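The values are calculated or read from the model by the stated rules, or taken from the named source; none is laboratory data. None of the values given here were measured: they were computed from a predicted structure. Cβ: placed from backbone, ideal geometry, glycine included. Neighbour counts: every protein chain shown.
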Amino acid sequence: MTPLISLLRLAYSAERAAAFAYQGHAASVRDAGEKRDLRRIEYEEWAHREHLGRMLSALGERPSPFLEFKFACIGKAISLSCHLIGWFLPMYFAGRLESGNAEEYVVLERLAAEQGMSEELECIREMARVEKTHEDFFLEKVRGHWALPLFEKLFAWGTARSFNQMEREPFHGPVREKKGV
């Protein structure tokens, strides 16, 4: 299996886990604006999954049943945990994960370019950009929280460190449907 197919399968299943997690995250917060924003992020994760599934299909590939099961369980567990672990932890770890997701899409774009999938590069680039806005949204939510400096030291993500080199953008709401995106 090629690195491109492996990453597409991983990202496809991980987007499902993220969407499930954001369902629980949205249900666990009290603030109506946060609920709305988390639901927007969930929508964007489902949209990314749809795009990744289309790419897999175009390559004659299918999702991994093992990864689908594994990530569905992870997403549902995270969804439930959001009701149990307070406000800060889900916000912090969502931002940390989104930071890595943005970088995965940067890698995916390179692999797709190497495989001659030029028609998909704009879509992949847009998904990376959206993941970066998710990272930035969560970072803004936890900025100034008393626990952030400790978590930055323990988990190597926060105001001074990202897992990608993308520029910061403000959170923008749902992905607008574009041709090829």
TODO: For ALA113, state whether it is part of a helix (DSSP H, G or I) and free of Cβ contacts under 8 Å to residues at least 12 places away in the same chain.
DONE: yes
TODO: Have a look at TRP146, TRP157 and point out the one that is in a loop (DSSP other than H, G, I, E, B), modelled with pLDDT of 95 or more and surrounded by 13 or more Cβ atoms within 10 Å (Cβ to Cβ).
DONE: TRP157
- [ ] Run down GLU135, GLU140, GLU120 and say which single residue is within 23 Å of LEU59 (Cβ to Cβ), modelled with pLDDT of 95 or more and either part of a helix (DSSP H, G or I) or among the β-branched types (Val, Ile, Thr) (or both).
- [x] GLU120
TODO: Only residues in the range 45-57 that are farther than 15 Å from ARG125 by Cα count as the first member; pair them with residues that are among the hydroxyl-bearing types (Ser, Thr, Tyr), Cβ under 8 angstrom, at least 6 apart or cross-chain, and list the lot.
DONE: GLY53/TYR12; LEU56/TYR12
